[in-house]
Amino acid sequence: MYEEAATAEAFYERVRTALAGIRFELVVVDDGSSDGTAAILDRLAETDPRLRVLHLSRNFGHQTALTAGLEHARGDAVAMIDADLQDPPEVIRTMLERWYEGSDVVYGVRSHRAGETRFKLTTARWFYTVFAKITQVELHQNSGDFRLIDRRALDAILSMPERNRFLRGMTVWVGFNQTAVEYERDPRYAGETKFTLRKMARFSIDAMSSFTYVPLQLATLLGFFVSALAFISLPLVVAARFAGIYVPGVSSVLFVVLLLGGIQLITVGLIGEYVGRIYDEVKRRPLYFVRDGRNLSEPVVEDHTAEPERVVSR
């Protein structure tokens, strides 16, 4: 949760109702909220030991906050979900059914996305198309971070220490038995999205760079292509000079200089993106810091009406 004071209590009630009769814990990560979200979560945690709250020391970002929740979850199966109630908690029951049938990862696929702009839908479609073409990860179109993960698969994901995280891609990359569940996505319960255009662009770049170095290969091919054009054009210029049809022009020189300069800056920028990520990794800083917490040491509460086979985390 980040700045979800208007949604926090409704989210808690929806999850509690959706998982009635199941032995579960609800791990909520407060990603540095300053709008009263923390106080609401603390109040709810005082009356329900199944609600475990992590207050991060500042806003570390969506993927890092999700990672914090996954690292503190103790269940045999863990479902991760955003608190804006666009992804219905009731779908977790369907995911659990697939898990009981033997699936290690059950990911949600949005058949309908209410309340989202045409721009958001179009750019999302472009992202999934490009991601599928340049990576070796088969990420399902219209899937998101809403998914249920078996403990074996989760341990594999948490063994991946990279800082620029793309969890939905990491979840697919680890393999195991994966199953899709379709659902209709609802509009936000309250407030506005915190996922700005800038954050969307940064998220897309992180996703691409985490699973492929094709952009670097394309930059190399572009360099070879421009060099080939230069070598091909050189004999034509010499021949035109001897034929007396060569007309010197400043505009053509400027065009070539700007073209080559632009290509060089693009390729240097691509290299810089990857070098920057290497720099982040070698610093080995922790992904996040927990400022405070509630019920973090509490055992999972027994529910005698629950299904006895396994313990579920959210």
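The values are calculated or read from the model by the stated rules, or taken from the named source; none is laboratory data. Bear in mind the structure is a predicted one, so any value in this text is a computation, not a measurement. Positions of Cβ are backbone-derived with ideal geometry, glycine not excepted, and every protein chain shown enters the neighbour counts.
For first residues located in segment 178-200 and at positive phi and outside the structural domain of residue 35 (by TED's automatic domain parsing), partners that are of a type in the set (A, V, I, L, M) and at pLDDT below 70 and lie 6+ apart or on another chain with Cβ distances below 9 Å do not occur.
Of the strands (runs of 3 or more DSSP E) lying entirely inside segment 10-115, those containing at least 1 residues that are more than 22 Å from the chain's Cα centre (by Cα) span 24-30, 51-56.
Among the residues that make up segment 32-48, is at least one of them surrounded by 19 or more Cβ atoms within 10 Å (Cβ to Cβ), in the same structural domain as residue 188 (by TED's automatic domain parsing), of a type in the set (D, E, K, R) and more than 27 Å from residue 112 (Cα to Cα)? Looking through segment 32-48, none of the residues is surrounded by 19 or more Cβ atoms within 10 Å (Cβ to Cβ), in the same structural domain as residue 188 (by TED's automatic domain parsing), of a type in the set (D, E, K, R) and more than 27 Å from residue 112 (Cα to Cα).
Looking at segment 87-98, can you tell me whether even one residue there is free of Cβ contacts under 8 Å to residues at least 40 places away in the same chain and not aliphatic (A, V, I, L, M)? Yes, segment 87-98 has at least one match.
So residue 77 ticks every box in (1) free of Cβ contacts under 8 Å to residues at least 12 places away in the same chain; (2) small (Gly, Ala, Ser); (3) within 20 Å of residue 149 (Cβ to Cβ) but one. Which box is left unticked? Condition not satisfied by residue 77: (1). Within the span defined as segment 130-142, every residue fails to be under 22 Å from residue 15 (Cα atoms) and either modelled with pLDDT of 80 or more or assigned to a helix (DSSP H, G or I) (or both).
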